[in-house]
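**Q** Please read through the structure below; I'll follow up with questions.
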Amino acid sequence: MPSTAGLICENAQMTLHSDDLLILLEVSRTGRFTAAAETLGLNHTTVSRRISALERSLGGHVLVRASGGWELTDLGLRAVAAAEEVARALSALEGNDDGASRLSGVVRMSATDGFSAYIAAPAFARLRRDHPRLSVEIVAATRRASQTRSGLDLEVVVGRPQVHRAEAIRLGEYMLGLYASREYLAEYGTPSTITEVLEHPLVYFIDSMLQVDSLDAPRRLLPSMKDSLSSTNVFVHVEATRAGAGIGLLPCFMANLHPDLVRLLPEEVAERLGYWLVARPDSLRQPAVAAVVGALRAATDAFEDRLLGRG
């Protein structure tokens, strides 16, 4: 890490080193000392020691323990804002005339399986063509928005989130529909009403492990359908439905890719769900994160017709 001159903290009358601010910045992004140490090329003890020194300089705690790692305090948020200014200044000094090389770093996000594969991954591949020093890590998960977001820069969740100390940005909507394989329908018949659908087994999420209220549609639309094959992974839903395990409630943008699947009762079962992006304001101020957010919004807009089952 580049050596930088120390600044004087007026409140504590102690030397505040900008290196320590940059270490805090990395801890805020990863949520863990060990992960930050690995990124910075330091050891865990050094990171812990420098954070302690920063807290002594500032006269208060910058981090508190949370269930998923370390979370910034109000003082920590202000310190990270200062660290971002330091990082931008260093980036400007170290960069060259090629603007593409200036956007760098690691952005970590979580998103549902389908969004990760069909929207996020292609969007990031296109983004990295212009910014080869940028890296993106995707944690595929279907869950409600975290209240701490430790170790994550961004989250993409289903349904409008209830969060504090964070911003929620609507990306778009997608459609859930009922699907069955052609072979399944040839063997068991094609239901023509909701009442007939209820006689078939359902392929969907594991009810007891489902954390997202918006995804509880079958319990409202199809309350008496018996589970056939359940999974926490939507790709398993698609493949189980294709294999004839039952009738699947599937994202149209995924199911419509398979000609062996037939959509059932599209007028009666057409559940629209929203994709929302959640991030802390300090994360959104980071140039790399802002670029990723822009890429996700553009990719979601371009994918709108397929998300809603059109085309």
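Read-outs throughout are calculated quantities, based only on the coordinates presented, and are distinct from any laboratory measurement. No experiment lies behind these values; they were computed from the predicted model shown. Every residue, glycine as well, gets a Cβ built from its backbone with ideal geometry; the counts of neighbours run over all protein chains shown.
**Q** Please give the helix 18-30 orientation as an angle from the longest Cα principal axis of the chain, in degrees from 0 to 90, rounded to the nearest 10.
**A** In the chain, helix 18-30 runs at an angle near 10 degrees to the longest axis.
**Q** Quick one: Cα convex hull volume of region 117-274, Å³ per residue?
**A** About 130 Å³ per residue, rounded to a whole number.
**Q** In degrees from 0 to 90, rounded to the nearest 10, what is the angle of the helix 121-130 Cα long axis to the longest principal axis of the chain?
**A** Result, in degrees: 40.
**Q** R0 = 51 Å: FRET efficiency of Ala290 with Thr190, Cβ-based, nearest 0.05?
**A** The calculated FRET efficiency here is 0.55.
**Q** Please find the FRET efficiency linking Glu268 to Arg170, where r is the Cβ-Cβ separation and R0 is fixed at 30 Å, and quote it to the nearest 0.05.
**A** My answer for the efficiency is 0.70.
**Q** While we're here: Estimate the FRET efficiency between Glu38 and Lys226 by the formula 1/(1 + (r/R0)^6), using the beta-carbon distance for r and 45 Å for R0, to the nearest 0.05.
**A** 0.45
**Q** To continue, here is another question. Kindly put Thr193, Thr73, Thr241 in sequence by how many other C-beta atoms sit within 10 Å of each C-beta, fewest to most.
**A** Least to most surrounded, the residues fall as Thr193, Thr73, Thr241.
**Q** Same structure, new question: Need one number: the % of Cα-Cα pairs in region 150-209 sitting beyond the 12 Å mark.
**A** Here the tail beyond 12 Å accounts for 80 percent of pairs.
**Q** Using the alpha-carbon atoms, what tilt in degrees (0 to 90, nearest 10) does helix 287-302 show relative to the longest principal axis of the chain?
**A** Computed tilt is about 20 degrees.
**Q** Report the extension gain between Asp213 and Ala66 in nm, rounded to one decimal, defined as 0.36 nm multiplied by the number of residues separating them, less their alpha carbon distance.
**A** Contour length minus the Cα-Cα distance gives 50.6 nm.
**Q** Right, another one. Under the classification rounded if a/c is under 1.5, otherwise prolate if a/b is larger than b/c and oblate if not, where does region 230-311 fall, given a ≥ b ≥ c as square roots of the Cα gyration tensor eigenvalues?
**A** Prolate.
**Q** So if I place +1 on the C-beta of Lys and Arg and -1 on the C-beta of Asp and Glu, and nothing else carries charge, what would the dipole magnitude of the chain be about its Cα centre? I want it in debye, nearest 20.
**A** The dipole of the chain has a size of about 480 debye.
**Q** Of Trp70, Tyr118, Leu103, whose Cα points farthest to the positive end of the dipole of the chain (charges on the beta-carbon: +1 Lys, Arg; -1 Asp, Glu; origin at the Cα centre)?
**A** Checked the options; the winner is Trp70.
**Q** Once the piece of chain linking Asp74 and Ala125 is laid out straight, how much longer is it, given 0.36 nm per residue of separation minus the C-alpha distance between them?
**A** My answer for the length gained is 14.9 nm.
**Q** Right, here's the next one. Does the chain come out rounded, prolate or oblate, given a ≥ b ≥ c as the square roots of the eigenvalues of its C-alpha gyration tensor, rounded meaning a/c under 1.5 and, failing that, prolate meaning a/b above b/c?
**A** Here the chain falls in the prolate category.
**Q** Tell me what the chain gives for mean residue ellipticity at 222 nm when only DSSP H runs of n ≥ 4 count, each as -39,500 (n - 2.57), the sum divided by the residue total, rounded to 500 deg cm²/dmol.
**A** Mean residue ellipticity, 222 nm, calculated: -11000 deg cm²/dmol.
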